[in-house]
Amino acid sequence: MAIVVAALLCAFAPVSPRFIERWYATGVYPRIQQVLTPISNVIPFALFDVLTIGAATLVVGAIVRAVRRARQTRRFSILLVTLGNLVVGAAVAYLMFLFLWGFNYRRMSMAERLVLDGARPTPDAARALGQRAVQELNTLYEAAHAKGDTPPWRDESMRSAFERVQRFLTHATPAVPGRLKATIYGPYFRWTSVDGMVDPFALEVMANPDLLPVERSFVAAHEWAHLAGYADESEANFVGWLTCVQGDARAKYSGWMFLYWQLSGEVSAADRTLLAAMLESGPRRDIDDIAERLRRGRWPLLQRSSWTVYDQYLKANRVEAGIRSYGLVVTLILRAQFDEEWRPKVREPTRD
């Protein structure tokens with residue numbers, strides 16, 4: 001009962017984001033991540049696969065045994081005891097989730113961390129940012145495609161860029177980048193258009209098996225941002241994009257490609273047509289290839305159901321925007337103040 005009550009308190013009790021930031025996000029959590037991610041990087045398969053299959057096997061096995069014993073002894077209290085044990089097990093799993101990663105959902109928001117312009121971004125500003133993205137794609141195309149195919153987690157320029165971005169934003173110990181692992185859930189990622197995810201228990205990264213080379217740098221940087229404790233999707237997109245634009249030509253190209261996709265969904269139809277017309281043949285081919293990848297693999301009904309469930313998961317973890325938080329990165333980029341090297345201006349820390 002104490003375990004269940006503790007889980008309920010952790011789920012619903014209000015906690016100061018500054019307290020979480022100081023005690024957990026920049027205190028306890030970086031030490032956990034610095035231990036777990038290097039271990040998971042050494043293991044070639046996804047530990048998440050083992051954990052989820054093992055948990056499902058244990059739950060199904062416990063229920064089957066309880067039903068069998070209840071029928072044999074005609075004591076249906078056995079079922080209640082088993083269900084109670086499963087509830088306690090779920091509470092323990094939830095507490096582990098919070099301690100190992102989940103409390104990051106309650107840290108200070110990026111809006112509290114950065115110096116932001118007060119005005120709401122205008123369509124003109126979004127169009128101008130889109131034009132900058134097109135210009136960068138056209139300029140970087142040749143260099144980005146000439147570079148070798150080093151995995152992002154072994155690419156020193158990517159690792160250095162990720163560390164620099166983390167130091168821009170906090171004084172916490174920088175997170176360790178994770179390798180992009182294959183997973184038995186790869187087909188599910190394909191069918192639902194999920195590019196990747198972080199295992200919140202082993203702090204490892206799993207990726208969609210169909211990702212194109214031009215996508216991998218940004219997907220890696222986005223998931224590394226989650227490993228660094230930025231649980232909110234818009235903030236992970238922001239940190240991932242910053243990491244890419246601080247990197248080499250391939251990383252920059254991947255980051256601007258991501259932003260082009262995001263902006264295409266935010267601007268008007270006329271502006272979207274204008275931006276597409278500005279693209280040169282090389283970037284346009286890459287965009288067509290990404291679109292074809294997405295069309296080829298997805299199952300619309302499963303995709304809608306999956307994203308509905310994920311929307312509820314985000315809201316349950318106090319991300320009020322739900323899956324809409326993915327697109328909020330455009331507003332964040334437009335409102336943030338940067339220097340000429342895309343370093344954001346950060347507020348001076350304050351004490352409670």
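The values are calculated or read from the model by the stated rules, or taken from the named source; none is laboratory data. Everything quoted here is computed from the prediction, not taken from an experiment. Reconstructed Cβ throughout: ideal geometry from the backbone, glycine too, with neighbour counts over all protein chains shown.
Return yes or no: is ARG216 in contact with an Asp or Glu (Cβ under 6 Å, 6 or more places away or on another chain), among the basic types (Lys, Arg) and surrounded by fewer than 24 Cβ atoms within 10 Å (Cβ to Cβ)? So that I can check it myself, show each step before the final result.
Details: in contact with an Asp or Glu (Cβ under 6 Å, 6 or more places away or on another chain): no; among the basic types (Lys, Arg): yes; surrounded by fewer than 24 Cβ atoms within 10 Å (Cβ to Cβ): yes.
Criteria not met by ARG216.
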Report whether or not SER281 is among the small types (Gly, Ala, Ser) and surrounded by fewer than 16 Cβ atoms within 10 Å (Cβ to Cβ).
yes
Given the conditions (1) under 9 Å from the mean Cα position of the chain (by Cα); (2) in contact (Cβ under 8 Å) with a residue 40 or more places away in the chain, and given that GLU215 satisfies all but one, which numbered condition is not satisfied?
(1)
Suppose we keep only residues that are acidic (Asp, Glu) and under 29 Å from ALA161 (Cα atoms) within segment 312-348. Which one would you say is modelled with the highest pLDDT?
ASP339
Kindly indicate whether any position in segment 69-78 is assigned by TED's automatic domain parsing to the domain that holds THR37 and either in contact (Cβ under 8 Å) with a residue 12 or more places away in the chain or at positive phi (or both).
yes
Residue satisfying condition, being out of contact with any helix residue (DSSP H, G or I) (no Cβ under 8 Å at 6 or more places or on another chain), under 16 Å from PRO38 (Cα atoms) and surrounded by fewer than 22 Cβ atoms within 10 Å (Cβ to Cβ), within set ARG154, ARG179
ARG154
When every residue in segment 214-237 that is in contact with a strand residue (DSSP E or B) (Cβ under 8 Å, 6 or more places away or on another chain) and among the hydrophobic types (A, V, I, L, M, F, W, C) is compared, the one nearest to GLN262 (Cα to Cα) is VAL219
For the subset of segment 51-83 comprising residues that are within 30 Å of GLU204 (Cβ to Cβ) and β-branched (Val, Ile, Thr), which member is nearest to the chain's Cα centre (by Cα)?
THR52
Go through the residues of segment 265-274 one by one and say whether even a single one is of a type in the set (Val, Ile, Thr) and closer than 22 Å to ALA220 by Cβ.
no
Is there a residue being over 25 Å from GLU223 (Cα atoms) and more than 25 Å from the chain's Cα centre (by Cα) anywhere in segment 99-117?
yes
Would you check if there is a residue in segment 160-175 being assigned to a helix (DSSP H, G or I), without any contact (Cβ under 8 Å) to a residue 24 or more places away in the chain and buried (at least 20 other Cβ atoms within 10 Å of the Cβ)?
no
Looking at TRP241, TRP261 in this structure, which one is crowded, with 24+ Cβ neighbours inside 10 Å and closer than 28 Å to GLN337 by Cβ?
TRP241
Flagged pairs (Cβ under 8 angstrom, 6 or more apart or on separate chains; first in segment 1-23, closer than 16 Å to PHE99 by Cβ; second exposed (fewer than 14 other Cβ atoms within 10 Å of the Cβ) and of a type outside the set (A, V, I, L, M)) are PHE19/ASP352
Where in segment 1-110 are there helices (runs of 4 or more DSSP H), lying wholly inside it, with at least 1 residues that are among the β-branched types (Val, Ile, Thr) and surrounded by 18 or more Cβ atoms within 10 Å (Cβ to Cβ)?
17-20, 29-42, 77-100
Taking segment 187-213 and keeping only residues that are buried (at least 21 other Cβ atoms within 10 Å of the Cβ) and acidic (Asp, Glu), one is left with ASP199, GLU204
